[in-house]
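*Asks:* Dumping the structure here so I can ask a few things about it.
Each value in this text was obtained by applying a stated rule to the coordinates, not by laboratory testing. If you're wondering where the values come from, they're calculated on a predicted model, not measured in any experiment. Here the Cβ is made from the backbone with ideal geometry for all residues, glycine too, and neighbour counts use every protein chain on show.
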Amino acid sequence: MGLQQGFTKYCCFLCLWDSRATGEDYKKCDCPKRTYEVGKTNLQHSPLVDPNKVFLPPLHIKLGLMKTFVETMGKTNSAGFLHLVGKFPKLSEAKVKEGVFVGPQIRQVFRDPDFEKTLSELEMSAWNSFKWVCENFLCNKKSSNYREGVETLLNACEKMGCRMSLKLHFLHSHLDFP
């Protein structure tokens, strides 16, 4: 898309979402549309692909949501985070703290009843919302009430104190993106 690399201020290729304005993340979802002028708003090169033809892979959104969830748990060293460290002994604690998981590991955590027992009430709310979105929205069939499920996930993530990542921003602001 021709965007500048690194921690940029406007990292969304669809709009001018300010990724550094952390106080307004969950409140503001109507950012101005991006213009594709080279040299402005973190655009270094002309896009090679029409932005409306970009495919947002559900797996990448799922991995990003898991990363955000685990990072937030790792900040407080919650019991759920410590359970994940023990569940995946071959992963270093640093990788677990950064939320570096792959699809099969996420499925293992989904099937682990002991993990859910270690979560606090806020974490459990966010976890159940995340599971619901993965099973009913980021899969082969989209549920008819996916909007409510995504809204529940966003509210739970905000209460838990999750940082608004680019993946959460896509769910928050560009839910109907083709």
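*Asks:* Would you mind classifying the range 51-169 by shape? Square roots of the alpha carbon gyration tensor eigenvalues, ordered a ≥ b ≥ c; an a/c under 1.5 is rounded, otherwise it is prolate if a/b is larger than b/c and oblate if not.
*Replies:* prolate
*Asks:* Quick one: Karplus J couplings for the range 124-138, per residue in order, coefficients 6.51, -1.76, 1.60, θ = phi - 60°, nearest Hz, x for Gly and Pro?
*Replies:* Couplings: 5, 4, 5, 5, 5, 5, 4, 4, 4, 5, 5, 7, 10, 9, 8 Hz.
*Asks:* Still on this structure, please answer the following. Roughly how many debye, to the nearest 20, is the charge dipole of the range 70-154 about its Cα centre, given +1 on each Lys and Arg Cβ, -1 on each Asp and Glu Cβ, and no other charges?
*Replies:* With only Lys, Arg, Asp and Glu charged at Cβ, the dipole is about 340 debye.
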